[in-house]
């Protein structure tokens, strides 16, 4: 089986609109959460989120063929362009049919769907067909494929919080079965009142800060953004002299088969997914130097995830730094797997581990090393990135340094 | 680590406007029965009133003893209900019993694009009309696109890998690619491929509003008529399909009925304009060629094509041109079964798989119904109006998404197809 490598990265979050700015901010423990501007939060108890600031103003500089394309598609396009440039990939020197786009999202273009719905109910005559065309799950992908002239496979995965991890795992499959030469794999998620209202009524959103693994954690805060990785087979990447960040060494997936929203209490499904990723990566337990946690700061997830990590690693769990960047950018849902993959790849590349911020009080039930408040400089040879979605849908990615195999 | 193994189909289930189960689907398709009718949720003001709607869908009739299941079904989206019933048929066929600890060796791939829109709309309606505090958490949890997979994993204790693909018409085929990866690397022994979509009035209205941009929605002609000169658009449909995939080796070892082989697939994107297909179907042409190449056969060995064609003015022409580019001489017969069932997007690929299975087993080609005047831009033998007797060894299935994704898949007849299990369900 070929080694699959990451040669380019793109990222947009509340902490920055390119990957270097995002990673620098993460390493400095910056907080990306602020009062939500995208919609009126006055009827909600919780009022904060991690929005990508001033994005629209920047976008006017981009020449788009279809101005009605909405926020999600633009987030995806911007991160994709950054990743392609970062990989020094010249699209028209590639066979266009062999470039694939694999993304994860929960909403797709549905924010335009919200606007359409409101327009319908107000008997608004000015409904533009593009509002509907752009509202589907697949429209942002189709938009990017058309805009960039890519003619290979286009895939959209939508498994809630684990979506873009699966999208990246799918890339592994495409490259190893020779269905593509280059896969742009990642995810995107816009801020949306629909989603905010849903998590609010589930009482998942905290009015406090995001405190993953902390004894006083009280829930998540939503974020938006996009993450994108350029993936290729190692031989071909080296042949074209590409810069290699890391290896995508393994992908594990499982279902809790437990509950439609709550995770399995002992994290058995999550443990299974971690083992599957480790197995595929041929990594043993002592070779993992970092875990990028799902770490949403809900009571349920952080406990289940801690138990899952102990289940897999046993005593070794106490020697592995674990951090949640959701403490800084919030839960970016469909984009989370991809944004966190970008962070994990940069962690391996730079030997720098981002912290879990807002950590004040240890929880006896969550007693592992969560890299509290301060980043750390440590050699990171291999790492896992966890994403556990609604409906018990678990995805885990294993990354390693390029010289690992 | 990747072992070169054939992937085969060993079980299936369906919910369609013709009813619950494969026999109902077969009867409907072979007799050329239109499943498109007035859908009950449209009112006087609706522009589009017809759909491939599953009337008389009564989950309680499916399994009378399974009361807890049918009771809880009612709060799920239509498409999710269909998916559960289809999955049950397929899992029964391969003898899967939950609780026998095989659950971690089964993966689930779900193809579903608009199923949860029903619940999203329900949730959002309350949000807009009454405000956030009046919204329902139980409804919100049904708005995740993987809801159908989640419910099935819980019901049957299936704990293996699980993914939901939402890129529309090609998801069923790209789902098979993922399933193939899991099977060949030994992550699972079987994959449950599920396809599910449900209909809502809002959905239909929305697709109709896109009319200004591309005339793809049928509101004038009596019914949907792919390839006809008179065609002026598609009609939406709904339903669910469940298919069990395994490696041929595993199927033989466990004495499963092999219903067909997956011989090859191909994908491409038009990269043209979102919402429009390329006029010459350039993406589909590439997809078909790639599928034929992967199957390691010549184009002449394809006996039958099950088309994507759904009555779209541009789409049906694009597909015809693409077919004529691949088959320079005489293409095989091309059936547009969406003439009967409507455009079921995420389920269409699944229905095509079942139609291919049934066609190969019974030496029959299903018709393109409502065919009236030939259109010079659609130079294909579309098996007009009546089924035809013909033996098929290789069948090619086409899928074109609304935004430019294209996929083709080739199925090959299994020597096992004398199994009685397929229709006696």
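The values are calculated or read from the model by the stated rules, or taken from the named source; none is laboratory data. Predicted, not measured: the structure shown is a model, and the values here were computed from it. Note: ideal-geometry Cβ built from the backbone for every residue, glycine included; neighbour counts use all protein chains shown.
Are any of the residues in the range B:135-151 closer than 30 Å to residue B:257 by Cβ, more than 9 Å from every other protein chain (Cβ to nearest Cβ) and buried (at least 24 other Cβ atoms within 10 Å of the Cβ)? If you could, list the steps in order and put the result at the bottom.
As a first pass, look at the range B:135-151 and keep what is closer than 30 Å to residue B:257 by Cβ: B:146, B:148-151.
Still in the running and more than 9 Å from every other protein chain (Cβ to nearest Cβ): B:148.
Adding the requirement that they be buried (at least 24 other Cβ atoms within 10 Å of the Cβ) leaves B:148.
Scanning the range B:135-151, I find at least one residue that is closer than 30 Å to residue B:257 by Cβ, more than 9 Å from every other protein chain (Cβ to nearest Cβ) and buried (at least 24 other Cβ atoms within 10 Å of the Cβ), so the answer is yes.
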(Q) Can you go through B:199, B:193, B:138 and tell me which one is within 17 Å of the chain's Cα centre (by Cα) and at pLDDT below 95? (A) B:199
Q: Tally the residues that are at pLDDT 90 or above and either more than 8 Å from chain B (Cβ to nearest Cβ) or over 17 Å from residue A:190 (Cβ atoms) (or both), restricting the search to the range A:118-144.
A: 2
Q) Going through the range A:305-326 one residue at a time, which ones are assigned to a helix (DSSP H, G or I), surrounded by 24 or more Cβ atoms within 10 Å (Cβ to Cβ) and in contact with a helix residue (DSSP H, G or I) (Cβ under 7 Å, 6 or more places away or on another chain)? A) A:305, A:308, A:309
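Condition check ((1) over 15 Å from the mean Cα position of the chain (by Cα); (2) modelled with pLDDT of 95 or more; (3) surrounded by fewer than 17 Cβ atoms within 10 Å (Cβ to Cβ)) across all residues:
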| residue | (1), (2), (3) |
| --- | --- |
| B:13 | no, yes, no |
| B:41 | yes, no, yes |
| B:60 | yes, no, yes |
| B:74 | yes, no, yes |
| B:97 | yes, no, yes |
| B:104 | yes, no, no |
**Q.** Hits in the range B:162-190 - residues which are modelled with pLDDT under 95, under 23 Å from residue A:187 (Cα atoms) and at the interface with another protein chain (Cβ under 8 Å from one of its Cβ atoms)
**A.** B:167, B:168, B:181
Q. Within the range A:225-248, can one find any residue that is assigned by TED's automatic domain parsing to the domain that holds residue A:74, under 20 Å from the mean Cα position of the chain (by Cα), in contact (Cβ under 8 Å) with a residue 12 or more places away in the chain and closer than 30 Å to residue B:131 by Cβ?
A. yes
Q. Residues of the range A:265-297 being part of a loop (DSSP other than H, G, I, E, B) and buried (at least 20 other Cβ atoms within 10 Å of the Cβ), which ones?
A. A:267, A:283, A:288, A:289, A:293, A:294, A:295, A:296, A:297
**Q.** Matching residues, the range B:244-295, being away from chain A (no Cβ under 14 Å) and without any contact (Cβ under 8 Å) to a residue 40 or more places away in the chain
**A.** B:252, B:253, B:254, B:255
(Q) Being more than 12 Å from the chain's Cα centre (by Cα) and surrounded by 24 or more Cβ atoms within 10 Å (Cβ to Cβ) is the filter here; which residues of the range A:390-405 pass it? (A) A:390, A:391, A:392, A:393, A:394, A:398, A:399, A:400
Q.
Looking at the range A:94-117, can you tell me whether even one residue there is within 7 Å of chain B (Cβ to nearest Cβ) and without any contact (Cβ under 8 Å) to a residue 24 or more places away in the chain?
A. yes
Q. Can you name the residue in the range B:191-205 that is more than 14 Å from chain A (Cβ to nearest Cβ) and more than 12 Å from residue B:117 (Cβ to Cβ) and, of all such residues, is surrounded by the most Cβ atoms within 10 Å (Cβ to Cβ)?
A. B:195
Q. When the range B:316-345 is examined, which residues are found to be under 25 Å from residue B:273 (Cβ atoms), part of a helix (DSSP H, G or I) and at pLDDT 95 or above?
A. B:316, B:317, B:318, B:319, B:320, B:321, B:322, B:323, B:324, B:325, B:326, B:338
Q) Right, residue A:262: in a loop (DSSP other than H, G, I, E, B), buried (at least 24 other Cβ atoms within 10 Å of the Cβ) and either on the phi > 0 side of the Ramachandran plot or within 12 Å of chain B (Cβ to nearest Cβ) (or both) or not? A) no
Q. Looking at this structure, is residue B:381 surrounded by fewer than 23 Cβ atoms within 10 Å (Cβ to Cβ), touching a helix residue (DSSP H, G or I) at 6+ places or on another chain (Cβ under 8 Å) and outside the structural domain of residue B:196 (by TED's automatic domain parsing)?
A. no
